[in-house]
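The values are calculated or read from the model by the stated rules, or taken from the named source; none is laboratory data. No experiment lies behind these values; they were computed from the predicted model shown. Don't worry about glycine lacking a Cβ; one is built from the backbone with ideal geometry, like all the others, and counts go over all protein chains shown. These accessible areas exclude ligands, DNA and RNA; they are computed on the full protein's heavy atoms, side chains included. Shrake-Rupley method; radii C 1.70, N 1.55, O 1.52, S 1.80 Å.
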Amino acid sequence: MAELRYPPLLGYTNQLSARPGEKVEVKVSSSIPGAYKASMVRIISADPNPNGQGVVEEEIESAFAGLYQARFQDFHPGSYMLSKIPTSLNIPESFYVSAKIWPTRVNGDPQSVVSIGSNSEGCVFQMGIDHNGCPETIIAVDDGTQINLALPVEIQERQWATIWAGYNLKSQTISVGFESAYYKNSNSQSLSDGLKPKAPAVDSIIVAGVVGPEVSHHFNGKIEIPQIFSNEIPNEDLKEHEEIIKLPVFASWDFSLSISTTAAQDTGPHNLTGQLVNYPSRAMTSSSWNGTEMAWVHDPKQYAAIHFHDDDIYDFSWETDFTITLPANLRSGVYGIKLSQDSYSDTIPLFVCPPKGNPSSKICYLASTFTYTIYGNHARPDYRKSWLEKIADWNAYDWNPAEFPHYGLSTYNFHTDRSGICHASYRRPLFNLRPGYITFGANSCSGLRHFQADSHLTSWMEHMGYEFDVITDYELHNEGMDVLSSYALVVTGSHPEYHTKATLDALQGYRDAGGKLVYLGGNGFYWRVAVHPENPALIEIRRAEGGIRAWAAEPGEYYNAFDGNYGGLWRRSGRPPQLLAGVGFSAQGQFYGSYYRRTKPSYSKFFAWMFEGIDDDMLGDFGFSGGGAAGFELDRYDQRLGSPKDAIVVASSENHNSTFVLVPEEHLTHLTTLPGVPSKDLIRADMTYFENDAGGAVFSTGSITFCGSLPINNFDNNISKLLSNVFNHFLNP
Ligand SMILES: [Fe+2]
């Protein structure tokens, strides 16, 4: 099964959330002949653990339910720039091509920097790196073969260099040149007698790939200023790049323009604007970056490079199989489009929001779809094939991103060139965004995170009879606090980690206008992300400066390309999580949960409502996530970082195992920490409560595993009791 390149039945939708009356496109690929069945389900539980409810999906009536013709749909990783040449325009008969490059993966696979040719007939001219890692030029000739010329120098990774190549009609020669800090040379070679360049109708120029029916030989690394020059009066071959750039410009793509978009502007005479395909990374430092600017918006010329990757893939652009219109009376909730064929099935989550401006419940569950997307197809470094046994035993979701990296990995992974993946999108199958998916396969607990872990909360609300609406980060980002304002209570899931300014403003605005915020996670409100101006499914993260981070952004590349804002931790942009939720990220360990112990103030009369019916001093020493309510990622109260002075810590966790460490942004030296206390004293979750003058209140648990304790003992336990006390208090003030 592991050798399978394509799971037999997979789909995705063009959006993760929708309102009654709205249309959603469903895109499916099946490699099984015949027809697949589609239906709609309400997802009650996404935890496959047989010691709990198991996965519970209730089929509901839907107009689209039925059989659909199965068909295979492919996808094509690798980013590049495509410029279409109008039929009225001819490529010069003699020309030079030039670019600056910063290669990142010279590994024996030929890579193309610039290629010219025809979409249907293939490439006729190409400049790039050969299988030895040397600069080369290739020309297709009329006997159906190719002639190539390489320079005897191995290109060095992560160093800027200039590469050029040309074809001279008069002398019937091809040439190649290269200039770096260590090497400068050029060479030319005549075509063999009688051979002529192949001359199909040239219709495409591609940067970072080879023109053809399927773009190939993707370039890994940064490219700056790809240019084509007309050699109108070809004399002898030019040996110096300085001479070549004095020739008339045919095309010149300036990547410092329109950085937030997918357009590559041509400043040459023919306006051959390029389209970027598969979203390569923009706002990357270019050859002229010298550290005098860190923000590309201040001096885009220092950010005139695009970083291309052979595994960039964010939007599969599959054809739509069917479009569904959500019925007007569909209750808000967590639903799924379920596809089944033979023994395979795939349930694509769909968050149904209430009609705009017309909430149907007093409770709003905020689904962390930005975080789900950012983690989409996270291939864990600790994944082992042995996990497949537990997956089979529990009848859990079959497919793991680690087995299918060509589907595009997450922003917690690296590209093939070891640069960090900074783009994420849900317009592709996301294996870990499926009911029954297990994140941690070696643990004895359920081992869930994100969507599946958050179903511990939604199944608890279903079980306890709390009717709720669902709003996702998407609506919060686009509509602001209005989308929350009529709710008595807004509750988050286990890990609302990724936010834009708009989503933080909305939550803070709701709280400050008297709203009740229930934050049931750990490491929430931590990273700043940006949404692409042309594609609402595409999110960007720059892992700048500190933080527990899966990779590190390069120096000078801390500002988002999509919106020009400084990326990284929100605490470095003046908004530590403590300002909103009273607590913020403090420690992380392996996927283990400990318990909270109540503090003295929790026994005061003021908190009688919160602990009504709870006799225990120790809370949550059980759970489906890590075995305890306080675990894995922990947030603590800290006035220095903005926790309100009047906030009360009602319980703190303790007894975390030796795998837990203080977050790097709180370390100074091997001995000292920013707060000035030993790091071991900062390894805890603080369950915190505070109110404001407007009647607003915040209850925060500061632990990512909290929700995993809710379903234990058929939802009858002290964590469940505590949360229902909080809900009841906020619903009936
Ligand atoms: Fe996280």
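When the residues of region 388-400 are filtered to those that are more than 26 Å from residue 589 (Cβ to Cβ) and assigned to a loop (DSSP other than H, G, I, E, B), the one that is most open to solvent (accessible area, probe 1.4 Å) is 395. Checking region 598-615 against the condition returns no match, with no residue being within 30 Å of residue 442 (Cβ to Cβ) and not aromatic (Phe, Trp, Tyr).
Only one of the listed residues (108, 122) is open to solvent by 20 Å² or more (accessible area, probe 1.4 Å) and either under 27 Å from the mean Cα position of the chain (by Cα) or at pLDDT below 95 (or both). That residue is 108.
So that you can scan it fast, the table gives a plain yes or no per residue for (1) buried (at least 21 other Cβ atoms within 10 Å of the Cβ); (2) at pLDDT 95 or above; (3) touching a helix residue (DSSP H, G or I) at 6+ places or on another chain (Cβ under 7 Å); (4) farther than 12 Å from residue 594 by Cα:
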| site | (1), (2), (3), (4) |
| --- | --- |
| 634 | yes, yes, no, no |
| 638 | no, yes, yes, yes |
| 644 | no, yes, no, yes |
| 651 | yes, yes, yes, yes |
| 654 | no, yes, no, no |
| 661 | no, yes, no, yes |
| 669 | no, yes, no, yes |
| 674 | no, yes, yes, yes |
| 677 | no, yes, no, yes |
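Against the test of being of a type in the set (Ser, Thr, Tyr), within 16 Å of the ligand (Cβ to nearest atom) and part of a loop (DSSP other than H, G, I, E, B), the options 416, 439 yield a single qualifying residue, 439. Just checking, does region 46-67 include any residue being under 26 Å from the mean Cα position of the chain (by Cα) and among the polar types (S, T, N, Q)? No.
The condition (being open to solvent by 50 Å² or more (accessible area, probe 1.4 Å), modelled with pLDDT of 95 or more and either among the aliphatic types (A, V, I, L, M) or more than 16 Å from the ligand (Cβ to nearest atom) (or both)) is satisfied by just one residue among 362, 385: 362. Looking at region 250-302, the strands (runs of 3 or more DSSP E) lying wholly inside it that each contain 1 or more residues that are more than 18 Å from residue 555 (Cβ to Cβ) sit at 263-266, 274-277.
Quick check on this structure: which one of 354, 349 is in contact with a helix residue (DSSP H, G or I) (Cβ under 9 Å, 6 or more places away or on another chain) and either open to solvent by less than 10 Å² (accessible area, probe 1.4 Å) or β-branched (Val, Ile, Thr) (or both)? Explain how you work it out, then say what you get.
Details: 354 fails: in contact with a helix residue (DSSP H, G or I) (Cβ under 9 Å, 6 or more places away or on another chain).
The match here is 349.
Within region 717-733, the set of residues being farther than 13 Å from residue 456 by Cα, assigned to a helix (DSSP H, G or I) and polar (S, T, N, Q) comprises 718, 724, 725, 728. When 545, 557 are screened for being assigned to a loop (DSSP other than H, G, I, E, B), touching a Lys or Arg at 6+ places or on another chain (Cβ under 7 Å) and modelled with pLDDT under 95, only 545 passes. If the condition is being of a type in the set (S, T, N, Q) and either assigned to a strand (DSSP E or B) or over 21 Å from residue 731 (Cα atoms) (or both), then region 445-468 contributes 446, 452, 455. Only one entry of 607, 585, 611 meets the criterion of being open to solvent by less than 20 Å² (accessible area, probe 1.4 Å), within 16 Å of the ligand (Cβ to nearest atom) and either in contact (Cβ under 8 Å) with a residue 24 or more places away in the chain or not acidic (Asp, Glu) (or both), and that entry is 585.
The set of residues in region 469-514 being assigned to a strand (DSSP E or B), within 16 Å of the ligand (Cβ to nearest atom) and either touching an Asp or Glu at 6+ places or on another chain (Cβ under 8 Å) or of a type in the set (A, V, I, L, M) (or both) consists of 498, 499. Taking the criterion of being more than 16 Å from the ligand (Cβ to nearest atom) and open to solvent by less than 10 Å² (accessible area, probe 1.4 Å), the residues of region 515-529 that qualify are 515, 517, 518. Evaluation of residue 538 against the conditions (1) more than 16 Å from the ligand (Cβ to nearest atom); (2) open to solvent by 10 Å² or more (accessible area, probe 1.4 Å); (3) farther than 19 Å from residue 716 by Cα shows that the sole unmet condition is (2).
Scanning region 76-135 for residues that are closer than 26 Å to residue 415 by Cα, touching a Ser or Thr at 6+ places or on another chain (Cβ under 7 Å) and assigned to a loop (DSSP other than H, G, I, E, B) returns 104, 105.
When residues in region 5-64 are screened for being charged (D, E, K, R), assigned to a strand (DSSP E or B) and buried (at least 21 other Cβ atoms within 10 Å of the Cβ), 1 of them pass.
Would you confirm whether or not region 365-373 contains a residue that is touching a residue at least 12 places away in the same chain (Cβ under 8 Å), over 24 Å from residue 338 (Cα atoms), in a strand (DSSP E or B) and within 16 Å of the ligand (Cβ to nearest atom)?
No, the conditions are met nowhere in region 365-373.
Residue 408 satisfies every condition listed in (1) more than 16 Å from the ligand (Cβ to nearest atom); (2) within 25 Å of the chain's Cα centre (by Cα); (3) under 24 Å from residue 624 (Cβ atoms) except (3). Could you please let me know if residue 213 is under 35 Å from the mean Cα position of the chain (by Cα), open to solvent by 10 Å² or more (accessible area, probe 1.4 Å) and modelled with pLDDT under 95? Taking the combined requirement at face value, the residue satisfies it. Within region 544-560, the set of residues being more than 20 Å from residue 293 (Cα to Cα) and touching a residue at least 40 places away in the same chain (Cβ under 8 Å) comprises 547, 548, 550, 551. Exactly one residue out of 231, 168, 235 is open to solvent by 70 Å² or more (accessible area, probe 1.4 Å), farther than 28 Å from residue 417 by Cβ and not basic (Lys, Arg), and it is 235. Exactly one residue out of 85, 116 is modelled with pLDDT of 95 or more and within 24 Å of residue 178 (Cα to Cα): that is 116.
Remark: residue 727 matches the filter, which requires a residue to be in contact (Cβ under 8 Å) with a residue 60 or more places away in the chain and more than 16 Å from the ligand (Cβ to nearest atom). Within region 231-261, restricting attention to residues that are modelled with pLDDT under 95 and of a type in the set (S, T, N, Q), the residue that is farthest from the chain's Cα centre (by Cα) is 235. Criterion applied to 283, 263 was being within 21 Å of residue 218 (Cα to Cα), aliphatic (A, V, I, L, M) and open to solvent by 10 Å² or more (accessible area, probe 1.4 Å), and the one residue passing it is 263. In region 178-200, which residue that is in contact (Cβ under 8 Å) with a residue 40 or more places away in the chain and assigned to a loop (DSSP other than H, G, I, E, B) is surrounded by the most Cβ atoms within 10 Å (Cβ to Cβ)? The qualifying residue surrounded by the most Cβ atoms within 10 Å (Cβ to Cβ) is 198.
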